[in-house]
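Each remark here refers to the structure printed beneath this line.
The values are calculated or read from the model by the stated rules, or taken from the named source; none is laboratory data. Treat the numbers as computed from the prediction; the structure is a model and nothing was measured. Counting neighbours? That spans all protein chains shown, and the Cβs are built from the backbone with ideal geometry, glycine included.
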């Protein structure tokens, strides 16, 4: 079975339910990456990653996604769902404002699933769910995902993400330094009017990265995510931070127990390896479906004084 065999009609149906549209598409031998009006959509032979933002309705896609997977010949799956605490929860659909309500929607699709919240409830926190189909765990190779979620970005760094300041999405990608993160990757970038930016990058095999930027100073925000396997992610995280200089950020790492990057969890415990930032929170967990998760929340040193 191969999830890349989803038809255009099926993909359009899924994205219509989520309230987003395709802006651009790139592919290689291993995966397809769609740049969306509201984030990104990646499809490999055996994996779907759908990231959305704004007032999208992501959870409405669960039913058709699982049905289409069964039609293509998949008999079991693992489901992940995660999000940072909302900046404006009152603007979300009522069923998505509280994580407890979202769990009620997700749980019927999984057996032995569990939801977790990391961080202080009166500060930035991160919600995570992992579950598996009733048929059991998949037997696919182990994987990993690292994410950096940043707030209150340096306005000087944000100037590249306004359409009035740069000639193209490529120029924004180059001037911001994003093109240097993974120089050999194939990129698809989009610069929104009047501001905002997204990029998908495809690398070897099924490796990817994606960056999304909201530059307005009142609620500036950027996210970075990749599944590239590294023994330590600190240098990569440092490079991402240098591009945006956030006042606060969350870093999360999720791996399977047998992942080759499992030891990288230890690196997030080394707060002194990020000299401009103070680590405020650190949580680790072994989830119900056999994954290890590390959550770390940081703020700039001048904020903590």
Which condition number in (1) at pLDDT 90 or above; (2) assigned to a loop (DSSP other than H, G, I, E, B) is the one that residue 136 fails?
(1)
If a residue must be surrounded by 14 or more Cβ atoms within 10 Å (Cβ to Cβ) and without any contact (Cβ under 8 Å) to a residue 60 or more places away in the chain, how many such residues does the stretch 112-121 contain?
2
Lone qualifier among 8, 45 - being without any contact (Cβ under 8 Å) to a residue 24 or more places away in the chain, surrounded by fewer than 17 Cβ atoms within 10 Å (Cβ to Cβ) and farther than 20 Å from residue 147 by Cα
8
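I need a count of the residues in the stretch 255-282 that are surrounded by 14 or more Cβ atoms within 10 Å (Cβ to Cβ), in contact with a strand residue (DSSP E or B) (Cβ under 7 Å, 6 or more places away or on another chain) and farther than 18 Å from residue 150 by Cα.
Initially, the stretch 255-282 is screened for residues surrounded by 14 or more Cβ atoms within 10 Å (Cβ to Cβ), giving 255-256, 259-262, 264-265, 267-268, 271, 273-274, 277-282.
Among the residues that remain, those that are also in contact with a strand residue (DSSP E or B) (Cβ under 7 Å, 6 or more places away or on another chain) are: 255-256, 259, 261-262, 264-265, 268, 271, 274, 277-282.
With the extra rule that they be farther than 18 Å from residue 150 by Cα, the set shrinks to 255-256, 259, 261-262, 264-265.
The qualifying residues number 7.
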Just a yes or no: is a residue in the stretch 240-253 more than 22 Å from residue 212 (Cβ to Cβ), modelled with pLDDT of 90 or more and not in a loop (DSSP other than H, G, I, E, B)?
no
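What strands (runs of 3 or more DSSP E) completely inside the stretch 1-86 contain at least 2 residues that are modelled with pLDDT under 95? Give the steps one after another, and end with the answer.
Working: elements: 22-27, 31-36, 39-44, 48-52, 78-84.
Output list reads 48-52, 78-84.
Would you point out which residue out of 234, 181 is within 17 Å of the chain's Cα centre (by Cα) and either in contact (Cβ under 8 Å) with a residue 24 or more places away in the chain or closer than 24 Å to residue 274 by Cα (or both)?
Working: 234 fails: within 17 Å of the chain's Cα centre (by Cα).
After ruling out the rest, the residue left standing is 181.
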Return yes or no: is residue 265 modelled with pLDDT of 85 or more and either assigned to a strand (DSSP E or B) or within 25 Å of residue 161 (Cα to Cα) (or both)?
no
